[in-house]
Amino acid sequence: MIFANGFKCAIIGEGHAGKSTLLGRFMESESNREKNSFQCLGFGVKDVCFGGNTIQLFIYETVSDVNLRHINRLVYSDAAALIFMYDITRSSSLKDLSNWIIETTMYAPGVIASILVGNKADLESERQVLYEEGQKFANDHQMIFLETSVFNEKSMENIFKFIAIEILGKIRNGQEYQAKLL
Ligand SMILES: Nc1nc2c(ncn2[C@@H]2O[C@H](COP(=O)(O)OP(=O)(O)O)[C@@H](O)[C@H]2O)c(=O)[nH]1
Ligand SMILES: [Mg+2]
């Protein structure tokens with residue numbers, strides 16, 4: 001089944017967490033070549049296919065600078081999915097997400113899937129945030145949790161697969177969503 005209307009998805013997190021790298025790598029990943037896709041700076045569209053279903057994701061990177069908060073509100077005010085990304089080698093990047101959660105709870109009322117991503121898992125020797133700390137943060141905020149390295153194609157693609165599965169599950173249970181694209 002193809003869900004052609006598209007779901008808006010925002011990547012949120014401190015500067016240098018890996019947001020641009022995630023977006024760029026996902027758009028260029030192997031599985032993308034045969035799929036409909038489009039990419040420009042900070043934005044990409046890609047079909048995600050799983051179990052005979054296809055859903056289209058419109059993926060936006062948010063701006064890390066808090067002074068540009070109004071731009072981010074344009075991006076996530078009608079988002080269906082939020083990817084909260086931190087860097088496992090910087091504890092400040094997980095703490096920083098608490099502010100984003102407050103902000104998006106107020107300004108993104110239509111969210112149906114949220115995922116917490118602990119990125120740079122390949123830098124184990126520099127780790128500052130334990131896996132268990134990430135897991136607890138995700139549980140406390142009712143999010144899916146994954147640790148990834150965006151340089152590892154499979155773990156990177158899992159982020160979008162989990163989001164697609166979560167969105168589809170909610171839609172099948174009667175959740176409504178309509179993206180207003182910028
Ligand atoms: N080792 C490692 N470096 C990463 C990873 N993801 C991103 N980076 C690096 O972290 C830096 C910041 O990434 P960027 O995508 O620009 O972060 P943004 O500010 O959140 O968009 C860049 O030098 C990336 O190459 C990762 O999973 N592992
Ligand atoms: Mg960036």
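Under 18 Å from the mean Cα position of the chain (by Cα), more than 16 Å from ligand 2 (Cβ to nearest atom) and either without any contact (Cβ under 8 Å) to a residue 40 or more places away in the chain or in a loop (DSSP other than H, G, I, E, B) (or both): is that true of S149 in this structure?
Values: under 18 Å from the mean Cα position of the chain (by Cα): yes; more than 16 Å from ligand 2 (Cβ to nearest atom): yes; either without any contact (Cβ under 8 Å) to a residue 40 or more places away in the chain or in a loop (DSSP other than H, G, I, E, B) (or both): yes.
Yes, satisfied.
Among what's in the stretch 14-25 and is in a loop (DSSP other than H, G, I, E, B) and near ligand 1 (Cβ under 6 Å from one of its atoms), pick the residue that is surrounded by the most Cβ atoms within 10 Å (Cβ to Cβ).
Going through the stretch 14-25, the residues in a loop (DSSP other than H, G, I, E, B) turn out to be 14-18.
So of that shortlist, the ones also near ligand 1 (Cβ under 6 Å from one of its atoms) come out as 15-18.
Working: G15: 12, H16: 15, A17: 27, G18: 23.
Looking at residues that are in a loop (DSSP other than H, G, I, E, B) and near ligand 1 (Cβ under 6 Å from one of its atoms), I get A17.
From the list Y76, Y60, pick out the single residue that is modelled with pLDDT of 85 or more, more than 14 Å from ligand 2 (Cβ to nearest atom) and of a type in the set (F, W, Y).
Working: Y60 fails: more than 14 Å from ligand 2 (Cβ to nearest atom).
The conditions single out Y76.
Answer yes or no: is there a residue in the stretch 80-90 that is touching a helix residue (DSSP H, G or I) at 6+ places or on another chain (Cβ under 8 Å), closer than 21 Å to G18 by Cα and polar (S, T, N, Q).
Yes: one or more hits.
Would you point out the residue of the stretch 79-99, among those that are over 24 Å from E124 (Cα atoms) and surrounded by 16 or more Cβ atoms within 10 Å (Cβ to Cβ), that is farthest from ligand 2 (Cβ to nearest atom)? Explain how you work it out, then say what you get.
Step one: filter the stretch 79-99 for residues over 24 Å from E124 (Cα atoms), giving 79-82, 99.
Okay, now just the ones that are also surrounded by 16 or more Cβ atoms within 10 Å (Cβ to Cβ), so 79-82.
Values: A79: 17, A80: 21, A81: 18, L82: 16 Å.
This residue is A80.
Tally the residues that are closer than 30 Å to L74 by Cβ and in a loop (DSSP other than H, G, I, E, B), restricting the search to the stretch 96-128. Lay out the reasoning, then the answer.
Quick first cut of the stretch 96-128, residues closer than 30 Å to L74 by Cβ only: 96-120.
Next, from what is left, pick out any that are in a loop (DSSP other than H, G, I, E, B): 108-112, 120.
Counting residues in the stretch 96-128 that are closer than 30 Å to L74 by Cβ and in a loop (DSSP other than H, G, I, E, B) gives 6.
Considering only the stretch 83-128, state which residues are closer than 24 Å to F43 by Cβ, modelled with pLDDT of 95 or more and among the charged types (D, E, K, R).
Result: D87, K120.
Would you confirm, using the coordinates I've provided, whether D65 is over 30 Å from I171 (Cβ atoms) and in contact with a Ser or Thr (Cβ under 6 Å, 6 or more places away or on another chain)?
Details: over 30 Å from I171 (Cβ atoms): yes; in contact with a Ser or Thr (Cβ under 6 Å, 6 or more places away or on another chain): no.
So D65 fails the test.
Condition first: among the small types (G, A, S) and either on the phi > 0 side of the Ramachandran plot or surrounded by fewer than 19 Cβ atoms within 10 Å (Cβ to Cβ) (or both). Now tell me which residues in the stretch 100-125 satisfy that.
Here is the first cut: in the stretch 100-125, the residues among the small types (G, A, S) are 108, 110, 113-114, 118, 121, 125.
Result: G110, S125.
The values are calculated or read from the model by the stated rules, or taken from the named source; none is laboratory data. All figures in this text were calculated on a predicted structure; none of them were measured in a lab. Note: ideal-geometry Cβ built from the backbone for every residue, glycine included; neighbour counts use all protein chains shown.
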